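Throughout, read-outs are computed from the coordinates displayed, never taken from laboratory work. For clarity, every value in this text was computed on a predicted model and none was experimentally measured. Quick reminder, even Gly has a Cβ in these numbers, built from the backbone with ideal geometry, and neighbours come from all protein chains shown.
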């Protein structure tokens with residue numbers, strides 16, 4: 001098990017919590033069908049969400065320029081916003097410093113499969129083994145002249161520890177796709193069985209269970225669910 005140290009400013013209401021697999025848009029699909037898609041539902045839990053204790057409300061006037069500040073008016077949540085940014089961006093004050101070893105960086109990114117129609121969190125990488133400041137987090141504002149609300153206690157962005165050394169120098173080798181006649185017939189049988197089950201309103205779960213159409217194992221997933229957690233070691237009465 002790996003551990004990441006997060007130091008939150010005393011008195012802060014910022015929360016860091018494992019991401020839920022629940023998404024409102026998935027709840028709204030008939031029979032919650034979207035949750036059947038294992039690649040999506042697994043991805044939903046990838047990381048920890050950062051949320052703020054009060055609504056952050058602002059308006060962008062639609063002017064996107066590198067030369068001038070003041071085009072975003074913050075209405076509430078000033079404590080958690082660095083004002084004066086340019087290029088239709090706002091910077092959030094996470095009040096949280098992450099401390100890692102030199103082989104671990106912190107990836108900040110949009111929450112997987114959470115689609116915001118007014119802002120997009122920037123994706124950034126910070127070398128937290130030596131970076132002494134709270135984790136920076138910026139949002140690109142994309143909806144002008146409307147009051148934008150980032151709701152209190154709802155995750156706005158996701159953070160994930162990642163080893164860049166394990167990724168760096170990876171090479172993708174590209175070849176011609178060659179499908180044998182045996183593979184072609186097997187793929188057809190797979191498709192036929194899947195179509196028949198779907199026509200009956202049933203789900204195959206072949207990929208989720210890592211089996212073929214006959215229920216025979218074809219491999220194993222690295223993980224089938226994320227078991228991320230937080231442990232709070234702060235002195236509660238002094239927080």
Check your understanding: Could you give the distance between the Cα centres of the stretch 43-120 and the stretch 144-162, to the whole Å?
Key -> 6
Review point. Angle between the Cα long axis of helix 181-199 and the longest principal axis of the chain, 0 to 90 degrees, nearest 10?
Key: 70
Review point. In the stretch 77-121, which residues have a backbone nitrogen under 19 Å from the label point lying 7 Å from residue 164's Cα in the Cα-to-Cβ direction?
Key: 97-110
**Study point:** Extension gain (nm, one decimal) between residue 86 and residue 231, 0.36 nm per residue minus Cα-Cα
**Key:** 48.5 nm
**Study point:** Which labelled figure in (i) 21.2; (ii) 23.1; (iii) 17.4 is Kirkwood radius over Cα pairs in Å, once derived from the coordinates
**Key:** (i)
Review point. How far apart, in nm, are the 7 Å Cα→Cβ label points at residue 152 and residue 117?
Key: 2.5
Review point. What FRET efficiency would be calculated for the residue pair residue 68, residue 25, taking the C-beta separation as r and a Förster radius of 45 Å, to the nearest 0.05?
Key: 0.80
Review point. Given springs between every Cα pair under 10 Å in a Gaussian network model of the chain, which of 34, 88, 138 has the largest fluctuation?
Key: 34
Review point. Given springs between every Cα pair under 10 Å in a Gaussian network model of the chain, which of 89, 124, 170 has the largest fluctuation?
Key: 170
Review point. By how many nm would the segment from residue 172 to residue 190 grow when fully extended, if each residue of separation counts as 0.36 nm and the alpha-carbon distance is taken off?
Key: 3.7 nm
Practice item. List the pair-distance distribution P(r) of the stretch 85-202, using every Cα-Cα distance, as the percent of pairs falling in each 5 Å bin from 0 up to the bin containing the longest distance, rounded to whole percents. Key: 2, 8, 13, 13, 11, 9, 8, 9, 10, 9, 6, 1
Point to revise | Estimated 222 nm signal from helices in the chain, with DSSP H stretches of n ≥ 4 weighted -39500 (n - 2.57), rounded to 500 | key: -4000 deg cm²/dmol
